[in-house]
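S.K.: Got a structure here, written out as structure tokens. Questions coming.
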Amino acid sequence: MEIPEGNRVEKDRPRVLIVDDDPDCRRVLTIHLTEQGYDISEATEGDQAVRSVDRDGADVVILEILLKDSDGFEVLERLRATEATPSVILLSSSTGVDYRLRGLHAGASDYITKPFDASEVAARVAIVLRQRSEIHKARSEAALDPASGLFTRSSFERLFHQEVAVAKRYRQPVALVLLDADGLVKVNSRFGWIIGNHYIEALGSAIAETCRASDIGARLGGGEFGVLLPETNMAGVAQFLIRLWQTLATARVHIPLGRHSIKVSASMGYAVFGAHAEDAAALWNAAVESLAHAKQIPGVSTERRLSA
């Protein structure tokens, strides 16, 4: 797996998408942010915004929550699920704390109420871009595990502490998923370490396929893996785990000179910063405890554990 690049952070002109059905709002923001050197594009409704990000990418999306023809929170979720995984700053005329908390818990990087000061919006955009740049730099310096194609444990631990520090500073959620390959010791014992390595490769490929560009997957050692999901709340981590479980449902390791294959599976535990823990150590311990509980329930799918 290639090192995630944080999507276009290294461009000369970071790309900002403004999503608002108010033409005056779009005009003010476009003029001010263009003066700051950003590449600006506009959208008036959710589908158009998602298509724009899918086609051209974006570093930051400024999204009006109360769009006339779209559910802003649904648009936020769809934007966060795109390959570009842009940082999203929410705009709203609502000053209610419920809207603010719902948006931040759903993965928004910031929340600004209308009427706004265009200079403040520009400052918030600069902060979010600086945050993305710091994360990109850390990832570009990280090492990869040759067997799985994911990050090494040492790189993952460094990125883990950095991501938790960012989440704490900006009051954002971040989810940690820990996985343990089921039956790897038996696979190595019966078929040899070469087949065991293929098993690890298959699990690593499933994790890489499920991860967004902003997610951080790593092999921690043996059959243990970790995934860090920035700006991801409980609902987001549940969606990730179900997608991973669905990917693993078809993963197989074929046995040479044989007519059968081995099903690839893993036990999974998770924890979310802000929901289960308030610091890095507590987040890690909560995920370890969750994984230990999952391993005590053999034969129960991730999908059923999440709905329990």
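The values are calculated or read from the model by the stated rules, or taken from the named source; none is laboratory data. Since the model is a prediction, treat every value here as computed from it, not as a measurement. All Cβ positions, even for glycine, are placed from backbone atoms using ideal geometry, and neighbour counts span all protein chains on display.
S.K.: Residues of region 71-81 being at pLDDT 85 or above and assigned to a loop (DSSP other than H, G, I, E, B), which ones?
M.R.: If the condition is that a residue be at pLDDT 85 or above and assigned to a loop (DSSP other than H, G, I, E, B), then D71 is the only one that fits.
S.K.: Just the residues that are assigned to a loop (DSSP other than H, G, I, E, B), within 17 Å of K186 (Cβ to Cβ), aliphatic (A, V, I, L, M) and modelled with pLDDT under 90, please, taken from region 252-292.
M.R.: I255
S.K.: Oh, and also: In region 110-120, is there at least one residue being surrounded by 23 or more Cβ atoms within 10 Å (Cβ to Cβ), modelled with pLDDT of 85 or more and either of a type in the set (V, I, T) or outside any strand (DSSP E or B) (or both)?
M.R.: no
S.K.: Still on this structure: Considering only residues of region 82-109 that are assigned to a helix (DSSP H, G or I) and of a type outside the set (D, E, K, R), which is farthest from the chain's Cα centre (by Cα)?
M.R.: Step by step, filter region 82-109, then rank; the result is V97.
S.K.: Restricting to region 121-167, count the residues that are farther than 13 Å from F225 by Cβ, in a loop (DSSP other than H, G, I, E, B) and touching a helix residue (DSSP H, G or I) at 6+ places or on another chain (Cβ under 9 Å).
M.R.: Residues in region 121-167 being farther than 13 Å from F225 by Cβ, in a loop (DSSP other than H, G, I, E, B) and touching a helix residue (DSSP H, G or I) at 6+ places or on another chain (Cβ under 9 Å): 3 in total.
Every residue, every condition in (1) loosely packed, with under 13 Cβ neighbours inside 10 Å; (2) at pLDDT 90 or above; (3) touching a Ser or Thr at 6+ places or on another chain (Cβ under 7 Å), yes or no:
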| residue | (1), (2), (3) |
| --- | --- |
| K11 | yes, no, no |
| V19 | no, yes, no |
| D22 | no, yes, no |
| T30 | no, yes, no |
| S41 | no, yes, yes |
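S.K.: How many residues, within region 237-266, are in contact with a His (Cβ under 9 Å, 6 or more places away or on another chain) and of a type in the set (G, A, S)?
M.R.: Qualifying residue count, region 237-266: 1.
S.K.: Further question: Search region 230-250 for residues that are over 12 Å from Y270 (Cα atoms) and of a type in the set (F, W, Y) and pair each with any residue that is at pLDDT below 90 and outside any loop (DSSP other than H, G, I, E, B) when their beta-carbon atoms are under 7 Å apart and the residues are at least 6 apart or on different chains.
M.R.: W245/T302; W245/E303
S.K.: Among D59, D71, D54, D117, which is acidic (D, E) and either touching a residue at least 60 places away in the same chain (Cβ under 8 Å) or at positive phi (or both)?
M.R.: After applying the criteria, what remains is D59.
S.K.: Then there is this: Scan region 247-262 and give yes if some residue there is farther than 30 Å from A58 by Cα and among the polar types (S, T, N, Q), otherwise no.
M.R.: Yes, the conditions are met somewhere in region 247-262.
S.K.: Can you say whether V16 is of a type outside the set (S, T, N, Q), outside any helix (DSSP H, G or I) and touching a Phe, Trp or Tyr at 6+ places or on another chain (Cβ under 7 Å), as far as the supplied structure shows?
M.R.: Spelling it out, V16 is indeed of a type outside the set (S, T, N, Q), outside any helix (DSSP H, G or I) and touching a Phe, Trp or Tyr at 6+ places or on another chain (Cβ under 7 Å).
S.K.: A further question follows. Tally the residues that are of a type outside the set (V, I, T) and surrounded by 22 or more Cβ atoms within 10 Å (Cβ to Cβ), restricting the search to region 241-266.
M.R.: Count: 4.
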